[in-house]
Structure formats: C-alpha cells, structure tokens
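Participant: Got a structure for you, questions after.
The values are calculated or read from the model by the stated rules, or taken from the named source; none is laboratory data. Please read all numbers here as calculations on a predicted model, not as lab measurements. All Cβ positions, glycine included, derive from the backbone under ideal geometry; neighbour counts span all protein chains shown. Just the protein is used for accessible areas: all its heavy atoms, side chains included, with ligands, DNA and RNA removed. Shrake-Rupley method; radii C 1.70, N 1.55, O 1.52, S 1.80 Å.
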Amino acid sequence: MTNTHLKNLKEIVKGLFLENELMSKHTSYGVGGPVKAFIIPKDRLDLINILKFSNNYSIETHFIGSGSNILFSDNEIDGIVISPLKSLKNFSISNNTIIAESGVMLGKMVKESIKNGLTGLESLIGVPGTLGGALSMNAGAYGSEISNHLISVEMVSMNGRIKNYDKNKLKFSYRNSNFKSGEFILEAKFVLESDSIENIKVRTKKNSASRKENQPLRYRSAGSVFKNSSKYPAGYLIDNAGLKGLKSGDAQISTKHANFIINHGKASATDILKLIKIIKQKVFDKYKILLELEIKTLGFKPKDIEKINVQKN
C-alpha cells in the first residue's frame, strides 16, 4: 500500500481513520502489531466507497468485529482493517422478527430479545463480539448456534454491490460458515419463538453462571482457542495432556479452562502462537487428534503459521 494510496483513502473516509494503528488496542487479547489504517466507516455509503477504493487499488483488506475472537500477528499489516463497531448499529424488533446490522453487539441482541419475550439466543449470553463476527464463525454455546434462527443476510462485496442471501443459500457448520472473504456482512434477519420472560431468564441465569464458573473471565483472552473434536472437548484433551498453567512469556494456558490462553498483561502474539503450537503437538502425540483453531489469525507470515502444524512421527 503506497503512501499516495493511504493519503487518498484518508481523504474519502468519513468515519474513523487511524493511521499506523496498533491492533493490540482493538482486540480482546490485547496483542497485535500496526496496520496501515484501521477504519470504522461512518455509515453504509462510507463503507461502500472504502471497499471500492480498496478493490480498485488491490489493497489488502481485512474485516473484524470487536476483535474478540482473533489473534493478530506482531508484524505490520500493509493494508487496512475495517470494523462496523460503533457505526453499523441499527437494531429493531417487530413481533418475533429481529433485524440487526453487523456492528450490533451480540450481548445487546440477547438482552433485547429477552426483554421482548423471545427465546433462542439466551445461550449466547456473555459471548462477546459483534453480530457480524458471530455470524462469520457461527458462534454458539450450550448446544445452540446463532445460525439456528437466521432467516437472511445482507452483504456488500468489494465492488460495492449489495447482495441478499437466504439462509438456504448459505452453509453453516460447527464454528464455521461459508461467507466469502471479499464480502462484508451488513445486516441479518432472525425469527425467534415466544416464551415467558421468566422462563427465558431462568435459562439465561443458568448459562451465565456456568460461564462465570468455568471460564477465566478476569483475564484477557479470545475465548476458546480450539474447536472441540468429534470425540472430546478441546479443554479436556489439553488438560489431560498436562498443559494447564503452561506459560510462554506473559501468555498462559488457563488453569481454569485449558482451552483458553490468557494474557497476563504483556504477552505477544508470538508467545500465544508458541502455546498453540505446543498444544497441537502434545494433544496429537497423546491422542492422535489434530485440533483445529477456533480463533481467527491475521497478519502472520506463512512460516509463522507453519509452526503450528504438528510433526507426525
């Protein structure tokens, strides 16, 4: 990305434009190197103009939500990172239908649905992040996934074209979706079922208590690092591989929940990546199970990512 491109892009952006911004300021892990530009568009039109510019000049472009399920590299990213946080926040409930833009926090969706006596999202209470991020990874908890009640999604492509997808045109699986990397989620429509607020609150309280009891919420993390295997929960495998409490720098495999890697304050992405590599190798050595990352990684060089592949002896 040339300085001229950066200057011209800055002139067209109507929203927040932060140059050479550390991604450690925008992720729940609190790690990550600088990006040429971190952008929160003012509105949809601003977003479309940014995408068109980026597309026309082949600028490396990444989309994130609130940065709660992502590990950014310590390296500089020679491109832009776009987030809908604090901008695309329109939200409405009509009868049993919710329409929300991608920048709406998942927590708000859950609370508002409960207030309106709508059930289906309460299992996600306490799950951080924006709706856009939650949809892209098909976030879920306690046997429920956000895609369960999805009806349709509105997207915008890098050339500025808006598209609508019914759920039957999309594919969701465990912590995964088939949204294209070059399309930005604008908003989504859900239809929930009615239930008494009292009943919903009972389930919500139970889920919230379980999360507080079993997860290291006092520390910076990105939630579950690995997806559960088809046979065992990832936390069980990591724990039984004897890895709870293992440290690398200021990063540590949580002693409370082994599938969380926490930042005690000064951890680097390199520290966290080292623990990820150790976990994958040790679990494979013991169980012959190859754990798959649940968190997203951005900005790493190919040789860095190769380090998390296991050695199959």
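Participant: Output ³J(HN,Hα) for the stretch 121-129: one whole-Hz value per residue in order, computed from phi by the Karplus curve 6.51 cos²θ - 1.76 cosθ + 1.60 with θ = phi - 60°, and x for Gly and Pro.
Facilitator: Once rounded to whole Hz, the list reads 10, 5, 5, 8, 4, x, 6, x, x.
Participant: Further, regarding this structure: My understanding is that a pair violates if its Cα-Cα distance is over 23 Å; which of Lys266/Lys296; Lys111/Lys169; Lys244/Lys288 do that in this structure?
Facilitator: Lys111/Lys169
Participant: Same structure, new question: Residue-wise, which Karplus ³J(HN,Hα) couplings in Hz belong to the stretch 88-104, taking 6.51 cos²θ - 1.76 cosθ + 1.60, θ = phi - 60°, and x for glycine or proline?
Facilitator: Residue by residue, the stretch 88-104 yields 7, 10, 5, 8, 8, 10, 9, 6, 9, 9, 10, 10, 9, 7, 5, x, 5 Hz.
Participant: Can you bin the stretch 1-104 into rounded, prolate or oblate? Criterion: square roots of the alpha carbon gyration tensor eigenvalues sorted a ≥ b ≥ c, rounded for a/c under 1.5, prolate for a/b above b/c, oblate for the rest.
Facilitator: Values: a/c = 2.57, a/b = 1.37, b/c = 1.88.
Oblate shape, in that a/c is at least 1.5 and b/c is the bigger or equal ratio.
Participant: Tell me the per residue accessible area of the stretch 205-313 using a 1.4 Å probe; a whole number in Å² is fine.
Facilitator: 56
Participant: Quick check: net charge around Lys312, other residues with Cβ under 12 Å of its Cβ, Lys/Arg +1 and Asp/Glu -1?
Facilitator: Values: positive: Lys280, Lys288; negative: Asp285.
Net local charge, Lys312 excluded: +1.
Participant: While we're here: Can you work out the accessible area per residue across the stretch 20-119, with the rest of the protein chains kept in place, probe 1.4 Å, in square angstrom?
Facilitator: Averaged over the residues of the stretch 20-119, the accessible area is 38 Å².
Participant: Residues with amide H under 5 Å of Arg220's amide H, sequence separation 5 or more or different chain, H placed in the peptide plane at 1.01 Å from N; which?
Facilitator: Hits under the 5 Å cutoff: Asn263.
Participant: Counting only protein heavy atoms and using a 1.4 Å probe, what share of the accessible area of the stretch 268-312 belongs to carbon plus sulfur, as a whole percent? It would help to have the intermediate numbers written out before the result.
Facilitator: Working: 1270 of 2550 Å².
Here carbon and sulfur together make up 50 percent of the probe-accessible area.
Participant: Sequence gap at least 6, Cα distance under 8 Å: using those rules, report the relative contact order of the chain to the nearest whole percent.
Facilitator: Computed value for the chain: 16 percent relative contact order.
Participant: Can you tell me how the stretch 157-313 classifies by the Cα gyration tensor, rounded, prolate or oblate, using a/c under 1.5 as the rounded cut? Could you put the intermediate results ahead of the total?
Facilitator: Numbers: a/c = 1.88, a/b = 1.27, b/c = 1.47.
Since a/c reaches 1.5 but b/c is at least a/b, the shape of the stretch 157-313 is classed as oblate.
Participant: With the cut-off at 1.5 for a/c, could you classify the stretch 256-313 from its C-alpha gyration tensor as rounded, prolate or oblate?
Facilitator: Judged from the Cα gyration tensor, the stretch 256-313 comes out oblate (a/c at least 1.5, b/c at or above a/b).
Participant: Nearest-5 percent of antiparallel DSSP beta bridges in the chain?
Facilitator: On the way: 41 of 52 bridges.
About 80 percent, rounded to the nearest 5.
Participant: Using mean Cβ contacts within 10 Å as the protection proxy, how do 156-165, 3-12, 288-297 order, highest first?
Facilitator: So the peptides 156-165, 3-12, 288-297, ranked by packing, come out 288-297, 156-165, 3-12.
Participant: Using the Karplus curve 6.51 cos²θ - 1.76 cosθ + 1.60 with θ = phi - 60°, work out ³J(HN,Hα) for each residue of the stretch 266-277 in order, rounded to whole Hz, and write x for Gly and Pro.
Facilitator: 10, 5, 10, 4, 4, 4, 5, 4, 4, 5, 4, 4
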